Amino acid sequence: MSQYQSFYGEISADVWHKAQQIKLLICDVDGVFSDGRIYMGNDGEELKTFHTRDGYGVKALLSSNIQVAVITGRQSNIVERRMIALGITHIYQGIDDKLVPFKHLLDTYQLSAEQVAYIGDDMVDLPVMQQVGLGVCVADGHPVVKQQADFVTSLNGGYGAVRELADLLLLSQDLLQQAHGMSV
């Protein structure tokens, strides 16, 4: 099987060809955009950290007409604010059955499942990951999810895994130079 090269290592031909078809990236949040830890203050204030590289990757995708959406099981104002700041308009929070918004997104963008990538880290992500064209798990995801994924990032959730996937999508579609406005 032939290999392709990304900034993060070798990519199988199968994953590369799947990445070339992607028009929508759907992301989980906790354990993907964040490291999965939730900081709680004495007054119930919730804090999360987000990596700026992931944000840059999202903006690069959106500028290249690859849509980005978020589906997460938790409800958080901080997630809403961060995703809006990145330009993400489809933000689904407090979702138990992630297949419902997934199907809504397919209808909204008039896409087939093969044109969608999903990145997650835990068991709740499997139903959507098994439906999409490119199912991705972060490096520190649950072992079962990693086993089921088409691709496992080299970076952990909250530490640039979304950016790694964004770069792969852009590179495979020959959009990376345009998205970043530079030679790479």
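The values are calculated or read from the model by the stated rules, or taken from the named source; none is laboratory data. Nothing here was measured: the structure is a model prediction, and the numbers come from that model. Cβ sites come from the backbone with ideal geometry, for glycine too, and all protein chains shown count toward neighbours. In case anyone asks, the SASA skips ligands and DNA or RNA and just uses the protein heavy atoms, side chains included. Shrake-Rupley method; radii C 1.70, N 1.55, O 1.52, S 1.80 Å.
For the stretch 48-77, enumerate the residues that are under 15 Å from G158 (Cα atoms) and open to solvent by 40 Å² or more (accessible area, probe 1.4 Å).
Here is the first cut: in the stretch 48-77, the residues under 15 Å from G158 (Cα atoms) are 48-58, 70, 72.
Of everything in the stretch 48-77, those that are under 15 Å from G158 (Cα atoms) and open to solvent by 40 Å² or more (accessible area, probe 1.4 Å) turn out to be T49, F50, H51, T52, R53, Y56.
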Residue list for the stretch 78-93, restricted to those being in a loop (DSSP other than H, G, I, E, B) and surrounded by 18 or more Cβ atoms within 10 Å (Cβ to Cβ): I88
What are the pairs, 6+ residues apart or on separate chains, where a residue within the stretch 49-61 that is farther than 20 Å from Q173 by Cβ has its Cβ under 8 Å from a residue that is among the aromatic types (F, W, Y) and open to solvent by 70 Å² or more (accessible area, probe 1.4 Å)? H51/Y159
So Q173, is it of a type outside the set (A, V, I, L, M, F, W, C) and within 19 Å of D14 (Cβ to Cβ): yes
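Residues in the stretch 22-36: is at least one more than 23 Å from H142 (Cα to Cα), more than 15 Å from the chain's Cα centre (by Cα) and either at pLDDT below 95 or not in a loop (DSSP other than H, G, I, E, B) (or both)?
no
Kindly indicate which of D125, D96 is at pLDDT below 95 and either touching a strand residue (DSSP E or B) at 6+ places or on another chain (Cβ under 8 Å) or in a loop (DSSP other than H, G, I, E, B) (or both).
D96
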Is one or more of the residues making up the stretch 142-156 surrounded by fewer than 21 Cβ atoms within 10 Å (Cβ to Cβ), assigned to a helix (DSSP H, G or I), modelled with pLDDT of 95 or more and of a type in the set (G, A, S)? no
Which pairs do you get when a residue that is within 13 Å of V29 (Cβ to Cβ), found in the stretch 93-104, comes within reach of a residue that is exposed (fewer than 13 other Cβ atoms within 10 Å of the Cβ), reach meaning Cβ atoms under 6 angstrom, with the pair 6+ apart or on two chains? Q93/Q75; G94/Q75
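Report yes if D43 is open to solvent by 80 Å² or more (accessible area, probe 1.4 Å) and part of a loop (DSSP other than H, G, I, E, B), otherwise no.
Here the answer is yes, as D43 does meet what is asked.
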Restricted to the stretch 46-73, and to residues that are part of a helix (DSSP H, G or I) and among the polar types (S, T, N, Q), which residue is farthest from K23 (Cα to Cα)? T52
Which of (1) open to solvent by 10 Å² or more (accessible area, probe 1.4 Å); (2) under 24 Å from I38 (Cβ atoms); (3) out of contact with any strand residue (DSSP E or B) (no Cβ under 7 Å at 6 or more places or on another chain) does G160 not meet, given it meets every other one? (1)
